[in-house]
Amino acid sequence: MTKVKYEYQEHLIDVQARKEKEMLEEFHDGHYTMENPLVKYNLYELNALSAVVCFETEEETAINVRVLGKTKQADFYQSFPKAKEHILPIVGLYSDYENKVEIYPWQRESEKVTITIKTPKTDGADLVEYVDTSAGYMQDQIMFCCPATAKLAIGVDYAGDVRLDFTRPMIWDVKVLPNGNFSMGSDRIMKMPYFLSGIYEFTAVGKIYKEYRVPYGYHHDQCYLPNGDIVALNCDAANGTVEDGAVVIDKDSGEIKKEYHFKDFIKPGAQKSGSWSDEDWFHCNAVWYDENTNSLTLSGRHNNAMVNIDFDTAELNWIISDPELWPEEYQKYLFKPVGDTENFEWQYEQHSNLITPLGDVMCFDNHHWGSQNPDKYLAPNDSYSRAVKYRIDTEKMEIEQTWQFGKELGIDFYSPYICNVVWYNEGYYLVHSGGVAYDKDGNASAKLGPYAQIDDPRSVLKSRTYEIADDEIKFEMEVNSNYYRAEKINLYNKVGEDLVLGEGKILGSLGETTQMDYDIPAEETDLEFEDWQEATIKEEKDRVEFKCKFTKGQLVQLIFEGKDETRKYFVSTSHGIRGAMCAGTFLPDDDRETTTVISKEGFSGEYEVKVLVDDKIYKTGVTIKA
C-alpha cells in the first residue's frame, strides 16, 4: 500500500522568470566579456538546442552572431542592436555536438571570437529519415514539425539535421505572428486525451511571453484577426460535447469577447462521417478567418464538411461536402461540381482548410473512409490522401476542382488523420501527410498512428512533407513518426526581437470544470491506494491534476472538501478507442492510467482531497489551496 504522491509544480512561465533572474544576477555579479562570456544552455527549459550568451562591451556596439552549421550553407546568423550589455539568444544548435558560435562587433569581423557550446544527445535527433532539397531553396529556414505522438516538436534544416528539439509536450499547430514570435498549444493538459489549458506565445530560444488560457480546453487550431485578437477552438462544455466551439480572445487582456457554439448552425448528427460519435459530433480541426467576406471557415472532420459562417452573426453561408445523405434543409448550402467533373472528388474527414487570396478553398483531404455512404467505405489498403484546391462560386453555388496532389502516391501518402496544407503563392504549396501508418506486414494500418504504436510496437509511423512549385517538387522530407502539421519557419526573428527579458503573463481563464450534481453512497475509510495504482496529485496555481490507475469500469469520483463547500468530479475509467486521436502525445502506455484535471476557477480557500472508488472513500492526505 502507498500514500498518494503530491507535487506542487510551477507554471513554466514562473520557472523561466526564476531562471532568467538567476542568470542576470550571475551576469551582473561577474565580469563577462565577449572573449569570456556567460553561457547558459537551454535556459528556458523548452528548446534543447538553444542557449543564451551574456557579455559586456566597453562601448555601445551592435553584435553579429553566426551559429556554424556542419556546412557553410547550414549556418544561422543574426545581428543584434547596439548595447553595452548583450544578452543573446543562440538557436539552431546540433544535438550531441560541439557547436561553434562566432560573435563579433558589427562590421568588425576581424575581432570575432568563437565559443563552443556542447550539447547532449536530444530525444528527436534521429527521427529524420531523409530530406531532399537544396540549401539555396531552404536558405536559413527550417521545417517545424508539430507533435502527434510521444515524439515532441522538432525543426529540420535543408540537410535533414534537427536544429530545434522541444523538451515539453507542446502540441497543435505552430503559427508565426506578425511580430515574428510563434504561438502554439501549451504543455498543460486540461482533459484527456489532448485538450489544453491554452496557447503559448514564445520565441525559438524557448522564452514564453504569454499564455492565453482558453476555457473548456483548447485544441487543434487558432487563427488571428486583423486587430490581433485570437479565434481559438474549444469545447461546448455545457452541452457535454467536444471540439464543437470557438472563442474570440482579446489579444491584450485574454478575456473572451465572443463565443461560437457549432450546434447553432449545424444540427448534431445531420451528417456523420465514419468516425462520428455523439460526444465528438463535429470534430473541428481547423479555423480560418477571411477578411474579404468577414467569415470563419471551420473544418468539421466528423461531418466531412468545410463550413463557412458569418463572423458577426454565426449564420451559415455555405458548406463544401458531398451532398449525399445531407438532410434537405442543408442542400441549399451545398455546391454542385462543374468543369472536369469526371476527375472531381469530394473531400472526406479533411484537415487544415484555408481560403487563398484569390478566394479558392484548400484543404488536406485525408479521404478517410472515402465516402459519405457507409456502404461505399474504402478499406485502408485501397485508400489515399491528397491536398486539394477548389474554386467556388457562391452566387451559382458551383464548385470546381482546380488542383490536387498526393492521390497518385497511394498508401505511402495515406493519412487517416491530422495533416495540413500551406498556400505560399498560386502554384506554390506545402503539403504535409503526417499520419502515415503501416502494420507489421506493411499494410496501411486500420488504426490511427498513436493507437497503432501502442497496440503493436512493430507498427511503422511516418510523416511525409512536400513543397511544390508549378508542379515541381522543391522539398521532400520523411520523418519516422507521425506529426500533426509541418510549417516552414525562420529560427531567428526577421521582424521583431528574438529575446525580451522580463516575466511572462498568464492571461484569461480556464473556465470552471463541470461538477457532478449527485451524491454516491460510500463510506469513509483509512484505506490507501495500492502500489500498482501509482496515485499522484500535481497542483499548480490554477489547476489540479490527479493521476491513478484503475480497472476498467470502476466508479471513481474526485472530491474536494472545503470549509464552506464540497466539490465532486467524475473520473473516467473507460478504455475505449476514440474515432479521432489527432495528438496522442499524452496517451499512457498502460490503459488503466487515468488523468483528471480540475480547474481552480470557482475555488476559494483550502480543500482536502479525497477519492471515492466504488463504495469506499480514500483520504489522500493532500490539501490544496486556491
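List of remarks:
- Looking across the range 275-301 at every residue that is touching a strand residue (DSSP E or B) at 6+ places or on another chain (Cβ under 6 Å) and aromatic (Phe, Trp, Tyr), the one that is least open to solvent (accessible area, probe 1.4 Å) is identified as 282.
- Some residue of the range 367-381 being of a type in the set (S, T, N, Q), surrounded by 22 or more Cβ atoms within 10 Å (Cβ to Cβ) and in contact with a strand residue (DSSP E or B) (Cβ under 7 Å, 6 or more places away or on another chain): no
- Check on residue 571, out of contact with any helix residue (DSSP H, G or I) (no Cβ under 6 Å at 6 or more places or on another chain), surrounded by 12 or more Cβ atoms within 10 Å (Cβ to Cβ) and within 16 Å of residue 616 (Cβ to Cβ): yes
- Flag set for residue 163, criterion: basic (Lys, Arg) and either in contact with a Pro (Cβ under 6 Å, 6 or more places away or on another chain) or part of a strand (DSSP E or B) (or both).
- Those strands (runs of 3 or more DSSP E) of the range 532-626 in which 1 or more residues are over 19 Å from residue 191 (Cα atoms) and of a type in the set (S, T, N, Q) occupy 566-571, 616-625.
- Any hit, the range 445-463, residues being without any contact (Cβ under 8 Å) to a residue 60 or more places away in the chain, in contact with a Leu (Cβ under 9 Å, 6 or more places away or on another chain) and under 26 Å from residue 362 (Cα atoms): no
- Any chance residue 481 is buried (at least 18 other Cβ atoms within 10 Å of the Cβ), in a loop (DSSP other than H, G, I, E, B) and touching a residue at least 40 places away in the same chain (Cβ under 8 Å): yes
- For the range 180-196, filtering for residues that are under 30 Å from residue 572 (Cβ atoms), buried (at least 18 other Cβ atoms within 10 Å of the Cβ) and more than 13 Å from the chain's Cα centre (by Cα) leaves 2.
- Residue within the range 39-52 that is closer than 12 Å to residue 90 by Cβ, open to solvent by less than 20 Å² (accessible area, probe 1.4 Å) and in contact with an Asp or Glu (Cβ under 6 Å, 6 or more places away or on another chain) present: yes
- Only listed residue being polar (S, T, N, Q) and within 23 Å of the chain's Cα centre (by Cα), chosen from 373, 294, 304: 304
- Cβ-Cβ distances below 6 Å connect the following pairs, each with a first residue in the range 610-623 that is farther than 15 Å from residue 537 by Cα, a second residue that is open to solvent by 60 Å² or more (accessible area, probe 1.4 Å) and charged (D, E, K, R), and a separation of six or more residues or different chains: 617/524.
Residue by residue, here is whether (1) under 30 Å from residue 48 (Cβ atoms); (2) open to solvent by less than 10 Å² (accessible area, probe 1.4 Å); (3) at pLDDT below 95; (4) part of a strand (DSSP E or B) holds:
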site: 178; (1), (2), (3), (4): yes, no, no, no
site: 198; (1), (2), (3), (4): yes, yes, no, yes
site: 206; (1), (2), (3), (4): yes, yes, no, no
site: 227; (1), (2), (3), (4): no, no, no, no
site: 243; (1), (2), (3), (4): no, yes, no, no
site: 263; (1), (2), (3), (4): no, no, no, no
site: 266; (1), (2), (3), (4): no, yes, no, no
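- Matching residues in the range 411-448 - criterion: being out of contact with any strand residue (DSSP E or B) (no Cβ under 6 Å at 6 or more places or on another chain), closer than 22 Å to residue 369 by Cβ and either assigned to a strand (DSSP E or B) or of a type in the set (Phe, Trp, Tyr) (or both): 435, 444
- Selection count where residues are more than 21 Å from residue 474 (Cα to Cα) and open to solvent by less than 20 Å² (accessible area, probe 1.4 Å), scope the range 406-435: 5
- Enumeration of residues in the range 137-175 that are open to solvent by 30 Å² or more (accessible area, probe 1.4 Å) and either more than 22 Å from residue 476 (Cα to Cα) or free of Cβ contacts under 8 Å to residues at least 24 places away in the same chain (or both): 139, 150, 167, 168, 169
- For residue 98, the test of being in contact (Cβ under 8 Å) with a residue 60 or more places away in the chain and loosely packed, with under 14 Cβ neighbours inside 10 Å is failed.
Rundown of residues vs (1) small (Gly, Ala, Ser); (2) more than 30 Å from residue 618 (Cβ to Cβ); (3) touching a helix residue (DSSP H, G or I) at 6+ places or on another chain (Cβ under 9 Å), yes/no style:
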residue: 5; (1), (2), (3): no, no, no
residue: 35; (1), (2), (3): no, yes, no
residue: 47; (1), (2), (3): no, yes, no
residue: 83; (1), (2), (3): yes, yes, no
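- Residues (farther than 19 Å from residue 503 by Cα and touching a Ser or Thr at 6+ places or on another chain (Cβ under 8 Å)) located in the range 181-196: 189, 190, 192, 194, 196
- Residue 353, sole failed condition from (1) open to solvent by 30 Å² or more (accessible area, probe 1.4 Å); (2) within 18 Å of residue 419 (Cβ to Cβ): (1)
The values are calculated or read from the model by the stated rules, or taken from the named source; none is laboratory data. Note that this is a predicted model, so its numbers are computed, not measured. Glycine also receives a Cβ, built like all others from the backbone with ideal geometry; neighbour counts cover every protein chain displayed. To get the accessible areas, we keep the full protein, side chains included, count just its heavy atoms, and leave off ligands, DNA and RNA. Shrake-Rupley method; radii C 1.70, N 1.55, O 1.52, S 1.80 Å.
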